[in-house]
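The values are calculated or read from the model by the stated rules, or taken from the named source; none is laboratory data. Being a predicted model, the structure only gives us computed values, none of them experimental. All Cβ positions, even for glycine, are placed from backbone atoms using ideal geometry, and neighbour counts span all protein chains on display. The area values use the complete protein model at the heavy-atom level, side chains included, leaving out ligands, DNA and RNA. Shrake-Rupley method; radii C 1.70, N 1.55, O 1.52, S 1.80 Å.
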Amino acid sequence: MTEYNLSNEELQSMKERVCVANLKLRDSNLVVLTWGNASEINRDAGIIVIKPSGVPYDTMSPEQMVVTDLDGNVIGENSLKPSSDLDTHVYLYKHFENVNAIVHTHSTYAVMWAQSRRDIPAYGTTHADTFYGSIPVTRQLTKEEVEKEYELVTGKVIVERFENDNIDPIAVPGVLTVGHGPFTWGNTPDKAVENSIVLDEVAHMALMTEFLNPNKDEIPQYLLDKHYFRKHGANAYYGQ
């Protein structure tokens with residue numbers, strides 16, 4: 001066992017999963033330069049592994065992934081600095097207890113909606129396969145919030161939106177932070193990345209749907225139910 005209350009092999013596997021997730025963001029064209037991050041939590045071991053801040057994807061390796069405790073304190077004297085969005089990840093992990101991995105990007109189409117301060121409506125079944133309803137956008141942060149605890153408050157306004165509107169973060173595994181960009185999550189880093197891919201795709205589809213038909217209604221509830229619950233829940237039957 002190590003100081004992380006985790007075997008060296010288990011810790012290395014965790015770092016590898018987080019590194020692979022970050023690289024997949026680049027390979028999926030969801031990030032450019034260093035605009036994104038992925039993390040994973042192990043609640044039993046009491047650690048979070050997250051991408052280091054500002055490290056180019058071309059040189060990124062599992063050994064560079066940063067380990068913190070559940071309050072975001074870095075473990076290890078020779079560690080790189082963690083992602084600047086760490087405090088957002090920590091806050092979400094503390095309030096979304098069934099979430100095990102989080103991804104943040106500045107993907108183009110999702111950011112368009114975030115900058116427009118609009119939820120992404122559920123216009124079709126592609127959206128409904130992953131998100132059970134509109135993808136919400138947060139409120140605008142105040143000047144004081146930005147200056148004092150920007151990353152922490154970013155997490156707070158995400159949770160605020162979900163709690164105020166009684167949105168289940170498992171049924172809607174993503175959000176738009178106003179003027180900023182999307183966060184998604186899932187059971188694993190790979191699933192959180194998949195949800196980011198889907199979010200940006202449906203953001204693009206919704207944009208073009210409104211371009212082609214500005215008066216388009218959202219998908220009927222019965223069709224939303226059908227497509228979401230055939231892939232999720234006790235009676236799901238999609239896939240092997």
Would you confirm, using the coordinates I've provided, whether Thr68 is assigned to a strand (DSSP E or B) and polar (S, T, N, Q)? yes
Pair list, Cβ < 6 Å and 6+ apart or interchain, from the range 81-97 residues that are closer than 14 Å to Pro169 by Cβ to residues that are aromatic (Phe, Trp, Tyr) and surrounded by fewer than 24 Cβ atoms within 10 Å (Cβ to Cβ): none
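Just wondering, is there one or more residues in the range 138-150 that are in contact (Cβ under 8 Å) with a residue 60 or more places away in the chain, farther than 22 Å from His204 by Cβ and open to solvent by 10 Å² or more (accessible area, probe 1.4 Å)? Spell out the reasoning first.
So in the range 138-150, the residues in contact (Cβ under 8 Å) with a residue 60 or more places away in the chain come out as 149.
Those left that are additionally farther than 22 Å from His204 by Cβ: 149.
Narrowing further to those that are open to solvent by 10 Å² or more (accessible area, probe 1.4 Å): 149.
Checked against the condition, which is being in contact (Cβ under 8 Å) with a residue 60 or more places away in the chain, farther than 22 Å from His204 by Cβ and open to solvent by 10 Å² or more (accessible area, probe 1.4 Å), the range 138-150 yields at least one hit.
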Residue, nearest to Tyr93 (Cα to Cα), within the range 24-61, restricted to residues that are open to solvent by 30 Å² or more (accessible area, probe 1.4 Å) and assigned to a helix (DSSP H, G or I): Lys24
Just to be sure before I move on: is Ala114 in contact with a Gly (Cβ under 7 Å, 6 or more places away or on another chain), within 17 Å of Tyr91 (Cβ to Cβ) and aliphatic (A, V, I, L, M) in the structure I sent? no
Kindly evaluate Asn187 against the criterion of being of a type outside the set (Lys, Arg), out of contact with any helix residue (DSSP H, G or I) (no Cβ under 9 Å at 6 or more places or on another chain), crowded, with 19+ Cβ neighbours inside 10 Å and under 21 Å from Arg26 (Cα atoms). no
Test: Val193 is touching a strand residue (DSSP E or B) at 6+ places or on another chain (Cβ under 6 Å) and among the β-branched types (Val, Ile, Thr): yes
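Somewhere in the range 167-182, is a residue more than 14 Å from the chain's Cα centre (by Cα), modelled with pLDDT under 95 and open to solvent by less than 80 Å² (accessible area, probe 1.4 Å)? Working first, answer last.
First, pick out the residues of the range 167-182 that are more than 14 Å from the chain's Cα centre (by Cα): 167-168, 178-179.
Keeping just the survivors that are modelled with pLDDT under 95 gives none.
Scanning the range 167-182 turns up no residue that is more than 14 Å from the chain's Cα centre (by Cα), modelled with pLDDT under 95 and open to solvent by less than 80 Å² (accessible area, probe 1.4 Å).
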Can you pull out the residues in the range 218-238 that are within 26 Å of Ser107 (Cα to Cα), in a loop (DSSP other than H, G, I, E, B) and modelled with pLDDT of 95 or more? Glu218, Ile219
